[in-house]
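All remarks here apply to the structure that follows.
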Amino acid sequence: MMPELGPYAAEVGLAYAATGALLAGLIAYVLIRARRVRRALDELESRRGK
Amino acid sequence: MASIWRYANPRKFMETSGWLLPGVSILAALCIATGVIWGFFFTGEDYRQGSTVKIVFLHVPAALMAINAWLMMLVASLIWLIRRHHVSALAAKAAAPVGVTMTLIALITGAVWGQPMWGTWWAWDPRLTSFLILFLFYLGYIALWQAIEDPDTAADLTSVLCLVGSVFALLSRYAVNFWNQGLHQGASLSVVDEGAPMDIAYRLPLYFAMAGFALLFIALLLAGTRTEIRARRMQALLTRERMG
């Protein structure tokens, strides 16, 4: 299944691994921040509603 | 025809982005998976570049989005400066982390590709240099948002910074045409029109990857802007609470 990458396997692997890691980090950052802010706003609004 | 300005209303934006977000995210994942899997597993080696040609499916879409994200921030910043719509300023703020990541991916994959092809990780070539400056502008833009407490002042100053940085965003796109020197080739897809066609076997997965990166940018932009709108509301409520 794995394609034959020849003498440049390390370069191709590094490019794909770095891109995957950076995109995963970016998506995680956006999702974690979204959840944190949403939770804090919900708490604040429910506190003010009381 | 309904005016586009109604989306400047945070409530309307939250409502519309709420139902758009899942669809755009799924489409982005499908396009990226198709483009990258097709490109990595089912394309052959280039006769000159060997298997490094497979880096094109990451490098070109990331570079494209690095420039386009800044241009989107430019439009949003102009809307803020002219019409004072808060959603546009917050959209520009939300686009910056995505743009800086895309720029970093383009720089890293470019260096990794350049080493075996050019014999060097880096050269002070016009396109590479303008891309590095664009990366520094992204960092400066994010830092400026963090450094200023008043959100309207932060939006004003970052908008001005964005206008200045746009010179480098455009330069990184057209540097090869302006100077006609350096190691970097012209735009990959316009090379097609200049008589050295990229084979269809590479072009099709590349189109999928480019569409996927663009959709990923839109999905993260929508999600990020929603978060910024909530953060802005929270800040307003806390200020009101403090003032009694």
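No value in this document is a laboratory result; all are computed from the given coordinates. In this text the structure is predicted, and so the values were computed from the model without any measurement. Every residue, glycine among them, receives a Cβ derived from its backbone with ideal geometry; neighbour counts consider all protein chains shown.
I'd like the Karplus ³J(HN,Hα) series for the stretch A:3-14: coefficients 6.51, -1.76, 1.60, θ = phi - 60°, whole numbers in Hz, and an x wherever there's a Gly or Pro.
x, 6, 9, x, x, 9, 4, 5, 5, 5, x, 5
Please list, in order along the stretch A:17-25, the HN-Hα scalar couplings obtained from phi with the Karplus expression 6.51 cos²θ - 1.76 cosθ + 1.60 (θ = phi - 60°), rounded to whole Hz, x for Gly and Pro.
5, 5, 5, x, 5, 5, 5, 5, x
So what J values fall out for the stretch B:226-239 if you push phi through Karplus, 6.51 cos²θ - 1.76 cosθ + 1.60 with θ = phi - 60°, rounded to Hz, Gly and Pro as x?
3J(HN,Hα) across the stretch B:226-239, in whole Hz: 4, 5, 5, 5, 5, 4, 5, 5, 4, 4, 5, 5, 5, 5.
Taking 0.36 nm per intervening residue step and subtracting the Cα-Cα distance, what contour gain separates B:L139 from B:Q235 on full extension? Let's see the in-between values first.
Details: separation 96, 0.36 × 96 = 34.56 nm, distance 2.37 nm.
Gain on stretching B:L139 to B:Q235: 32.2 nm.
Round to the nearest 10 and give me the degree value, 0 to 90, for the angle of helix B:56-83's Cα axis relative to the longest principal axis of chain B.
Value to nearest ten degrees: 30.
For the stretch B:96-174 and the stretch A:1-34, what is the separation of their C-alpha centers, rounded to whole Å?
Centre-to-centre distance over Cα atoms comes out at 20 Å.
What is the mean number of Cβ atoms from other protein chains located within 10 Å of the Cβ atom of each residue in peptide A:1-8, rounded to a whole number? Walk me through the numbers on the way to the answer.
Details: counts 1, 2, 8, 3, 6, 4, 4, 13.
If you average over the peptide's residues, the count of other-chain Cβ atoms is 5.
Once you have a ≥ b ≥ c as the square roots of the Cα gyration tensor eigenvalues for the protein assembly as shown, tell me rounded if a/c is under 1.5, and otherwise prolate or oblate according to whether a/b is larger than b/c.
Since a/c reaches 1.5 and a/b is larger than b/c, the shape of the protein assembly as shown is classed as prolate.
All other residues with a Cβ under 13 Å from the Cβ of B:A69 taken together, and with Lys, Arg as +1 and Asp, Glu as -1, what is their net charge? List each step's numbers first, then the result.
On the way: positive: B:K93, B:R173; negative: none.
Taking every other residue near B:A69 into account, the sum is +2.
At what distance in nm do the modelled label points of B:R48 and B:V75 sit from each other, each positioned 7 Å from its Cα along Cα→Cβ?
Using points 7 Å along Cα→Cβ, the separation is 3.5 nm.
Based only on other Cβ atoms within 10 Å, what is the fewest-to-most ordering of B:T109, B:T227? Mind showing how you got there, number by number?
Numbers: B:T109 26, B:T227 22.
By the 10 Å Cβ count, ascending, the order reads B:T227, B:T109.
Stretch B:W121-B:L30 to full length: gain in nm at 0.36 nm per residue minus the Cα-Cα span? Write down the numbers at each step before the final one.
On the way: separation 91, 0.36 × 91 = 32.76 nm, distance 3.19 nm.
Stretched fully, the B:W121-B:L30 segment lengthens by 29.6 nm.
Could you give the length gained by full extension between A:E45 and A:A9, i.e. 0.36 nm per residue of separation minus their alpha carbon distance, to one decimal place?
Numbers: separation 36, 0.36 × 36 = 12.96 nm, distance 5.35 nm.
Length difference between fully extended and current span is 7.6 nm.
For B:I218, B:I82, A:I27, what's the fewest-to-most ordering of other Cβ within 10 Å of each Cβ?
Details: B:I218 20, B:I82 10, A:I27 17.
Least crowded to most crowded, the residues run B:I82, A:I27, B:I218.
Rank these for me by crowding, B:W19, B:W5, going from fewest to most other beta carbons within 10 Å. Please list the in-between numbers first.
Values: B:W19 8, B:W5 13.
Neighbour counts put them in this order, fewest first: B:W19, B:W5.
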